[in-house]
Amino acid sequence: MTVQPTEPNAAPILAALEPLLGRVRAAFPGEPPPFAWLRIRTDECPRDLLLGARTCIGGGVTLLDWQTAPLAEVFFSCGEGEPWELEIDGRLLSGVLVHRALLGFAHGELVELVTPTERLVREAAGWVAEPPRSPVVPRDPAARARAATPVEVPLDEVQRAAVERPPGRALLVLGEAGAGKTTVALHRLAHLRRTRPEATRRAGVIVPTEGLRRFTRALCDRLGLEDAEVWLYDRWAGAEARRAFPSLPVRESQDAGTGVLRLKRHPALGVALAELCRRRPP
């Protein structure tokens with residue numbers, strides 16, 4: 001791929017981000033860097049927001065928890081230039097999503113910016129731009145013809161691009177039932193095992209239900225992934241918890257009281273867990 005000089009329309013985005021990220025570092029030292037930025041406009045007033053691991057407001061900057069903050073939904077559900085509307089605490093808020101971008105960091109410094117139209121990478125000589133990777137385009141309806149099993153269906157260009165993406169980055173696949181999410185995920189696993197056998201010595205698939213676990217196990221066997229682990233989420237989470245905290249009781253309650261359920265769902269628990277995860281293990 002030929003790398004072209006940074007296009008002029010990217011300069012305002014970088015000019016806005018650099019001081020904004022500087023304020024984040026000053027206001028919240030030690031906080032993990034955000035992974036996304038968006039600019040919204042409400043009542044003709046632009047506002048910059050960052051998405052990260054938790055919500056922090058101060059120092060002239062707003063950092064939102066990407067999982068729980070209502071405004072984070074704007075980043076995932078709207079395209080640039082599209083209007084949005086949310087009901088928050090009984091108030092109806094609306095506006096327009098002006099810009100959005102994914103951020104990549106190395107050693108605390110911004111080194112990658114991915115917008116809907118281009119990908120900017122910081123190199124020794126400065127920022128350079130290239131087209132975004134693997135653009136998602138609608139599939140031809142004929143490509144959705146069902147084969148004997150999901151893993152036996154031929155991959156189209158979009159699916160193959162997802163399967164063969166370079167390792168080291170997360171991949172989120174969205175689609176309705178039957179769109180091929182399981183097909184892409186398992187072929188991706190098989191591709192990583194073939195191309196990086198040492199790095200994927202232990203490979204696994206985590207699913208939410210027992211029926212899907214059995215089905216996925218059969219599909220893995222068809223793909224030659226007999227040694228891949230297929231976990232039910234509850235079992236996997238329990239095993240990981242006991243690995244991190246060996247003193248946890250073996251027995252798991254199936255009839256937790258309402259007080260336990262309220263504690264687990266309370267927003268403060270997320271804050272406490274995030275703080276615990278930042279501590280250095282003993």
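The values are calculated or read from the model by the stated rules, or taken from the named source; none is laboratory data. These numbers come from a predicted model, not from an experiment. Every residue, glycine among them, receives a Cβ derived from its backbone with ideal geometry; neighbour counts consider all protein chains shown. Just the protein is used for accessible areas: all its heavy atoms, side chains included, with ligands, DNA and RNA removed. Shrake-Rupley method; radii C 1.70, N 1.55, O 1.52, S 1.80 Å.
Shape of the chain from the C-alpha gyration tensor: oblate (a/c of 1.5 or more and a/b not above b/c, with a ≥ b ≥ c the square roots of its eigenvalues).
With the other protein chains left in place, how much accessible area per residue, in square angstrom, belongs to the chain at a 1.4 angstrom probe?
With all protein chains present, the chain gives 66 Å² per residue.
Segment 194-217 and segment 221-246 have Cα centres spaced 8 Å apart. Taking the 1.4 Å solvent-accessible surface of the chain as the whole, the part contributed by carbon and sulfur is 57%. Largest mean-square fluctuation among Pro267, Pro167, Pro32, in a Gaussian network model of the chain whose springs join Cα atoms under 10 Å apart, belongs to Pro267. What number comes out for the charge environment of Val205, summing +1 per Lys or Arg and -1 per Asp or Glu over other residues with Cβ under 14 Å away? Residues near Val205 contribute +4 overall.
Do any trypsin sites (Lys or Arg not before Pro) in segment 166-252 lie in a loop, going by DSSP, with at most 13 other beta-carbon atoms within 10 Å of their beta carbon, and if so which?
Working: sites: Arg169, Lys181, Arg188, Arg193, Arg194, Arg201, Arg202, Arg213, Arg214, Arg217, Arg222, Arg235, Arg242, Arg243, Arg251; in loops: Arg169, Arg201, Arg202, Arg251.
Hits after loop and neighbour filter: Arg169, Arg201, Arg202, Arg251.
Using C-alpha pairs below 8 Å separated by at least 6 residues, the relative contact order for the chain is 10 percent.
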